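Take a look at the structure set out below.
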Amino acid sequence: MQKVLVVFGTRPEAIKMAPVVLELAKLEEFQVQVAVTAQHRELLDQVLELFGIKADFDLNLMSPGQSLHQLTARMLVGLEDVLERSQPDCVLVHGDTTTSFGAALAAFYGKVKIGHVEAGLRSGSLEFPYPEEGNRLLTSRIANWHFAPTQGARDNLLSEGITPDKIVVTGNTVIDALTQAAAWPASEEIQKLLARAQGRKILLMEAHRRESWGEPLRNICQAARQLVADFPDLEIFFSVHPNPIVRGTVEEILGDKERVQLLSPLPYDGWVQLMKSCHLIATDSGGMQEEAPALGRPVVVLRERTERPEGLDAGTLTLAGTDREQIVHKISKLLSDTTLYRKMAQAPNPYGDGKASRRIGEALLYFWGKGERPGDFSW
């Protein structure tokens, strides 16, 4: 059996890696262990419970106000011990978080094979998103195997000198998770929340990324205030990240605004039900750019750049940046132009078909000389 250690630390990573853990656990060729850094604590635990996953190692690294330097240093020391205890043949990391890079670096130092899930995403700027763009670039340089979600991500890796025999295009595992969660019934809490909208169109919003802190986030919140003033039939559900920098800004500007509901982060299944029920999504999240098209919901991206250009090419996304006037313009257009809305809502999803985790399992067997190379995902 091949021993695989899956490492993640944030809610988005947990959502995207849960299907991988469950898929590998079904295969007799693998012995799977899970290590969490708990870079996010409560948000991470929600996902673990939802998917029935128990961590074999929990570093519990969340600490208020810690810097990226402190987090990375503590992570390296903690994961050194985990690697010594677990003795894996491969470490799987996901995406672009500090946990992803920290775990990859720890594995590299321990001379353990590294598999990078959601490899190859690029924005082209180390500042957007920060520090994620740097994390994924650095992880790619030391990873052995690259599980690219799209052909575009594969092309990025090839342009950086990664050989094609080390890359498999799998689709994005978030669609695997979404497919499962979308089939679950809405909880009583979600039904009550939706009832408050009283049949109005729901705009689902979130903004939390580090580069959005300060004036960009204030612009986003001011845009939300203007939108509910301009559209009497609009209700905004704004998911507020627990980070005090984010929460303070959002509550200051939107806390007293009628038809704006500020929500604490919901369990993933509840969040999926809100995505299914809303009319439109505005976000600076990477994962929602991939999830929303699978549910037929147009996405206004509240970032200057996106490392997910496939959505722009397919027509499922539109970039608004963090300028208040641009955000209002883009969202107003989708609220009033039914032809444009329908075109975006019905565009094909370029990010996955719900079989990414299966392809990752098959690819690992292939890399270990125990199976055929899986076919690449294509939309």
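Laboratory data are not the source of any read-out in this text; all were calculated from the coordinates shown. All figures in this text were calculated on a predicted structure; none of them were measured in a lab. Note: ideal-geometry Cβ built from the backbone for every residue, glycine included; neighbour counts use all protein chains shown.
The ranking of Leu302, Leu71, Leu43 by Cβ neighbour count inside 10 Å, starting from the fewest, reads Leu71, Leu43, Leu302. Here's the list of aspartates and glutamates a cross-link from Lys113 could span, going by alpha-carbon distance under 19 Å and ignoring same-chain residues fewer than 8 apart: Glu29, Glu80, Asp81, Glu84, Asp89, Asp96, Asp165, Glu362. Here Lys201 is the anchor, and the aspartates and glutamates within straight C-alpha reach of less than 16 Å, apart from those fewer than 8 places off in the same chain, are Asp230, Asp233, Glu235, Glu258, Asp337. State whether the range 38-185 is rounded, prolate or oblate according to the following rule on the C-alpha gyration tensor (a ≥ b ≥ c being the square roots of its eigenvalues): a/c under 1.5 gives rounded; otherwise a/b larger than b/c gives prolate, and the remaining case gives oblate. Because its axes are fairly even, with a/c under 1.5, the range 38-185 counts as rounded. Using the Stokes-Einstein relation with a Kirkwood hydrodynamic radius computed over Cα pairs, the translational diffusion coefficient of the chain at 20 °C and a viscosity of 1.002 mPa s comes to 102 µm²/s.
Sorting Val82, Val168 from the fewest to the most surrounding beta carbons within 10 angstrom yields Val82, Val168.
Size descriptors for the range 188-345: radius of gyration and Dmax over Cα atoms are 14.2, 40 Å. Taking the fewest neighbouring Cβ atoms within 10 Å as the starting point, the ordered list for Thr316, Thr338, Thr179 is Thr338, Thr179, Thr316.
For the range 186-192, backbone phi angles converted through the Karplus equation (6.51, -1.76, 1.60; θ = phi - 60°) give residue-by-residue couplings of 5, 6, 4, 4, 5, 4, 5 Hz, Gly and Pro being listed as x.
Dividing the summed -39500 (n - 2.57) terms of all DSSP H runs of n ≥ 4 by the residue count of the chain sets its mean residue ellipticity at 222 nm at -14500 deg cm²/dmol.
Checked against a 19 Å cut-off, the cross-linked pairs Lys16/Lys54; Lys3/Lys54; Lys16/Lys355; Lys166/Lys370; Lys54/Lys111; Lys54/Lys370 give Cα-Cα distances beyond that limit for Lys54/Lys111; Lys54/Lys370. Counting only Cα atoms, the range 1-60 measures 32, 20, 14 Å along its principal axes, largest extent leading. Length available on full extension from Lys201 to Ile245: 0.36 nm per residue minus the Cα-Cα distance, which gives 13.0 nm. Between Asp89 and Lys370, full extension at 0.36 nm per residue minus the direct alpha carbon distance yields a gain of 99.7 nm.
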